[in-house]
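Handing you a structure now.
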């Protein structure tokens, strides 16, 4: 009976979601070439064409055309350098404040906040800003997952967990309730990729950013290393061997690993990992390249928050919670840094900056906006406040900020520096 109900509910929501996305589309992800000059017309053209297409396909283009044209004009001026960041931001504020308030009841805010984030205007993702962008859309998969996860709890527990999840979507910065923490601890495995672990322990998550000091390799049940195309192979090898580490790789790295013309050293190095976790679309292809277990990094925990693509840190946190562990995080700056993927290593008493891939700001802002940085930040912050996450100095400092402070810092870190 429960399965039939969930199936019917799922079908109904899928139909609704398809119609909703057809009327109010989000901007499609854009894949940019790396190491291109900042003034490359190819970058500008791709970004503007994609954003204009999303705006003009939106139903509200016909209901509030002046607002749409104002946005397109302002964003175009910001990209071509004829206006500065703060002036463009003020114009966007004015355009939003002048639009009819009733449109906010009809239009999901996601179709605007994600697009504005692609241009570096991340503070519009904060619901506390004095503008009325519209209601928030929670994708279908997240709704169904939340319903199914609460069926096994008491009526009282269900209510508290539902309120807890809703508070997260409303960007509440309070810790998770004890009932939700217990739900995380008791997550049942739904695939062979996961197992239920009764005893609690700790995982070590090593990010691709600056690390002042690595902890001792002892005392951790597992080590998860976040791997991107910017990862330095020498350091990656050292960390993998020292911590007996598993890799959590993004799709860009999976593409590189599966490329027949890629560095053979990379494929040899991948054999050193205990396990490689990646998007489920890549598991079979990566498995054909390496002889170590390749598993999906989708987890019960992250299925509860499907408002954007979780980044590698959140994927690793999801894997950690699925195994009944807490996390120690180092080398993850949440995009608040002069160089996002720049690690430093101590060699012979000298601090040496590793060479890193140059990521164009168009790529960085657009990519991170698809991750929905606001909900990802709040989720990580609430996990830290619930004592699930212990971070190094950088992680702890960033997660001590409010959401508004974080989004403003994000604008300064990668938004204003795009030109």
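Average the reciprocal distances over every distinct pair of alpha-carbons in region 53-102, invert the result, and give the Kirkwood radius in Å. Mind showing how you got there, number by number?
Working: mean 1/r = 0.0881 Å⁻¹.
Taking every pair of different Cα atoms in region 53-102, averaging 1/r and inverting gives 11.3 Å.
I need the calculated FRET efficiency for the pair residue 275 and residue 162, taking r as the beta carbon distance and R₀ as 25 Å, to the nearest 0.05. Working shown, then result.
On the way: r = 34 Å, r/R0 = 1.35.
According to the calculation, E is roughly 0.15.
Same structure again: Translational diffusion coefficient, Stokes-Einstein: compute it for region 197-262 using the Kirkwood radius over C-alpha pairs as Rh, at 4 °C and 1.567 mPa s, and state it as an integer in µm² s⁻¹.
Translational diffusion coefficient: 99 µm²/s.
Given a Förster distance of 35 angstrom, what is the FRET efficiency for residue 233 paired with residue 416, based on the Cβ-Cβ distance and rounded to 0.05?
Details: r = 32 Å, r/R0 = 0.93.
So, using R0 = 35 Å, E works out to roughly 0.60.
Quick note: the coordinates plus some simple rules give every number you see, no bench work behind them. Fair warning: this is a prediction, and the values are worked out from it, not measured in the lab. Neighbour counts run over all protein chains shown; Cβ positions are idealised from the backbone, glycine included.
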